[in-house]
Amino acid sequence: MTLPIYTYGQPVLRKVAEDIPLDYPNLKELIADMFETMYKSDGVGLAAPQIGKPIRLVVVTLDVLKDEYPEYADFNRAYINPHIVEYDDSETVSMEEGCLSLPGIHEPVRRPTRIRMQWVDEELKAHDEWIESYLARVLQHEVDHLEGKVFTDRIAPLRKQLVKSKLSALQRGKVNCSYRVKPIR
Ligand code: NI
């Protein structure tokens, strides 16, 4: 089932999301719905607050990048209770980001290229691993959602000034995109 996306201005996007018990009701169905919603809207990542749930759950698909990054062929993963426990600040890269919750906004964001993350996978196996490259970028963006942050919180002040009117339009419910969104009231 495709779920409506919660866009900028929805209070759930500003909440700190909570860990879930591993017997969370209908977890498999929820993950499947999140994958479907992400595929239908051409996203590479989706965090549960973006479908209105303040819980620590993220899905990522990187298959679309396989020409540039062959290691991401068929990469479709769910991350349960992800926590970034270390950032390697020795190398940062600025890269343009977008977000299904902020349609029409694309801005460069500077982030570390390596992070250490703890999470549980779909088979309920626990992980504690260093992650790098494009996946580290996407996971930082998605885990930000779980901390109540969006990527425009991290852009340079001048750029923030330039997207201000777009953000306030979103906040007023003026959303223009090809996928279904939750109306702002
Ligand atoms: Ni996002």
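Okay, residues lined up against (1) at pLDDT 95 or above; (2) touching a Phe, Trp or Tyr at 6+ places or on another chain (Cβ under 6 Å); (3) within 19 Å of Ala48 (Cα to Cα):
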{"residue": "Thr113", "(1), (2), (3)": "yes, no, no"}
{"residue": "Gln118", "(1), (2), (3)": "yes, no, yes"}
{"residue": "Leu124", "(1), (2), (3)": "yes, no, yes"}
{"residue": "Glu129", "(1), (2), (3)": "yes, no, no"}
{"residue": "Arg137", "(1), (2), (3)": "yes, no, yes"}
{"residue": "Glu142", "(1), (2), (3)": "yes, no, yes"}
{"residue": "Leu146", "(1), (2), (3)": "yes, no, yes"}
{"residue": "Ala156", "(1), (2), (3)": "no, no, no"}
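What are the residues in the range 35-59 that are open to solvent by less than 20 Å² (accessible area, probe 1.4 Å), of a type in the set (Ser, Thr, Tyr) and away from the ligand (no atom under 12 Å from the Cβ), if any? The one that is open to solvent by less than 20 Å² (accessible area, probe 1.4 Å), of a type in the set (Ser, Thr, Tyr) and away from the ligand (no atom under 12 Å from the Cβ): Thr37. Scanning the range 38-79 for residues being within 13 Å of the chain's Cα centre (by Cα) and either assigned to a helix (DSSP H, G or I) or closer than 16 Å to Leu135 by Cβ (or both) gives a total of 18.
Here's the yes/no breakdown for (1) out of contact with any Leu (no Cβ under 8 Å at 6 or more places or on another chain); (2) part of a loop (DSSP other than H, G, I, E, B); (3) farther than 15 Å from Glu147 by Cα; (4) of a type in the set (Asp, Glu):
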position	(1), (2), (3), (4)
Met1	yes, yes, yes, no
Tyr8	no, yes, no, no
Leu13	yes, no, no, no
Val16	no, yes, no, no
Ile20	no, yes, no, no
Val93	yes, no, yes, no
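Just wondering, is there one or more residues in the range 85-96 that are within 16 Å of the ligand (Cβ to nearest atom), closer than 30 Å to Val181 by Cα and buried (at least 18 other Cβ atoms within 10 Å of the Cβ)? Looking through the range 85-96, none of the residues is within 16 Å of the ligand (Cβ to nearest atom), closer than 30 Å to Val181 by Cα and buried (at least 18 other Cβ atoms within 10 Å of the Cβ).
Going by the structure shown, is Pro82 open to solvent by less than 30 Å² (accessible area, probe 1.4 Å), within 16 Å of the ligand (Cβ to nearest atom), in contact with a helix residue (DSSP H, G or I) (Cβ under 8 Å, 6 or more places away or on another chain) and in a strand (DSSP E or B)? Before the answer, list the steps.
Numbers: open to solvent by less than 30 Å² (accessible area, probe 1.4 Å): yes; within 16 Å of the ligand (Cβ to nearest atom): yes; in contact with a helix residue (DSSP H, G or I) (Cβ under 8 Å, 6 or more places away or on another chain): yes; in a strand (DSSP E or B): yes.
So Pro82 fits the description; yes.
Scanning the range 120-157 for residues that are in a loop (DSSP other than H, G, I, E, B), touching a residue at least 24 places away in the same chain (Cβ under 8 Å) and within 18 Å of the chain's Cα centre (by Cα) gives Asp121, Glu122, Glu147, Gly148, Val150, Ile155. Only residues that are more than 24 Å from Thr2 (Cβ to Cβ) and touching a strand residue (DSSP E or B) at 6+ places or on another chain (Cβ under 6 Å) were counted in the range 112-136, giving 16.
The values are calculated or read from the model by the stated rules, or taken from the named source; none is laboratory data. Nothing here was measured: the structure is a model prediction, and the numbers come from that model. Backbone-built Cβ (ideal geometry, glycine too); neighbour counts: all protein chains shown. Calculation scope for accessible area: heavy atoms of the full protein, side chains included, ligands and nucleic acids excluded. Shrake-Rupley method; radii C 1.70, N 1.55, O 1.52, S 1.80 Å.
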